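S.K.: One structure is given below, represented as structure tokens, and several questions about it will come after.
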Amino acid sequence: MIQGHGGNKQQLADRIGCGLEDIIDMSSNLNPLGPPKRIHAFIRENIHLIHALPEPDAAGMSKGFADYHGIDPGCVMAGNGTTFFIYTLPLALGAKKALILGPAYADYEDACAALNVKTCHCLTLAQNNFVPDLDQLSVEAQGADLVFICNPNNPTGAVIDKQDLERLIGRHTNTCFVVDESYLPFVPDAEAFSLVTQTHQPNLVVLSSMSKIFRIPGLRTGFLSGAKALIRKVMAHYQPWSVNALAQAVIKNIYDHPGDILPFYRQTREFIVKERRAFVHALAETEGIRLFDTPVYFVLARLDRIYAPELCRRVGDDRFLIRDCANFKGLSDRFVRFSLKTREINLALAQSIKTALAREHT
């Protein structure tokens, strides 16, 4: 298992000698607005549900997702977060070789390694703003059983057009493409990019996270959608009661109020556009750091005069926890990532970064 996901607040709190609640975690990619207020109230009022077993296959939760997206419920399955599917797919599909479009979330490679599936990477480059070369990806996809694509990508934020992905998938009918859309709800006009309804494609599965957009990572909820034949293969490795009763109820409640979902998405997207613009502007004249322009709420940066661990340490002294990206294959210890929050917090982080980098010029 990778040691280096974001969110190790306790380690920083112990180092600087403060309370866990004093740490400002900007290392984990979660909705800066938090969950809708109704979700908090629903959880408080339904905590008693943990006293009973949930539906073994989370069918009610899956139906809500399917109805919202207008797809056959038989083409959807719910899981204990998208990580459940990432670790199940190589086994369920009998993969021998996987290709990962990177830099990318390390669990794709970890999942394959756990099952002795050979992996290789098609890496995007900083000098190209991490925009994927899909022709090169197509060449490297030949002979692969699985191709993992995170769209938009974590940690770079790069987004691939729907039509380009469909053409790529259509060229490789003997390869299964796993398109992880965990961060897509944050992107303006995300619906025009999503492949979640393309369940007629026999070699495509789409991963959808509820944790990020609704900021409920502790409930561990996510979905896989795809052709029924692929669903059956994955379901053969499904453990009953994988999604707990409270999580199922919360997600079902979200989809019981479909009219609330898109307005919440739009509110989040508008907030992100404004806060990202303000954050980028605050660091615009700062020497020694380059911010990559993307539509998502997390910001990847390259450092020129300082290494990531040292910047993390310096802003950590100000109680900010940011992400050292050295363990993303294709990046290095010159890259960090910030997950934005409120204007006040974002500008305070920008000032902490400027102060940390200014020390290199004295």
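S.K.: Which of the residues that make up region 107-132 are open to solvent by less than 20 Å² (accessible area, probe 1.4 Å) and closer than 14 Å to Phe148 by Cβ?
M.R.: Listed by number, the residues that qualify are Asp107, Tyr108, Ala111, Cys112, Val117, Cys122, Thr124.
S.K.: What residue, of Ala66, Ala111, Ala58, Ala106, is aliphatic (A, V, I, L, M) and modelled with pLDDT under 95? Working first, answer last.
M.R.: On the way: Ala66 fails: modelled with pLDDT under 95; Ala111 fails: modelled with pLDDT under 95; Ala58 fails: modelled with pLDDT under 95.
After applying the criteria, what remains is Ala106.
S.K.: Within region 280-331, restricting attention to residues that are in contact with a helix residue (DSSP H, G or I) (Cβ under 8 Å, 6 or more places away or on another chain) and small (Gly, Ala, Ser), which residue is modelled with the lowest pLDDT?
M.R.: Step by step, filter region 280-331, then rank; the result is Ala326.
S.K.: While we're looking at this one, here's another question. Do any helices (runs of 4 or more DSSP H) lying entirely in region 4-99 carry at least 3 residues that are buried (at least 19 other Cβ atoms within 10 Å of the Cβ), and which ones are they? Step through it out loud before you land on a result.
M.R.: Working: elements: 9-16, 37-45, 59-69, 82-92.
Because the criterion is at least 3 residues that are buried (at least 19 other Cβ atoms within 10 Å of the Cβ), the helices (runs of 4 or more DSSP H) in region 4-99 that meet it are 59-69, 82-92.
The values are calculated or read from the model by the stated rules, or taken from the named source; none is laboratory data. Note that the structure is a prediction, hence the values are computed from the model and not measured. We place every Cβ from the backbone using ideal geometry, glycine too, and count neighbours over all the protein chains shown. These accessible areas exclude ligands, DNA and RNA; they are computed on the full protein's heavy atoms, side chains included. Shrake-Rupley method; radii C 1.70, N 1.55, O 1.52, S 1.80 Å.
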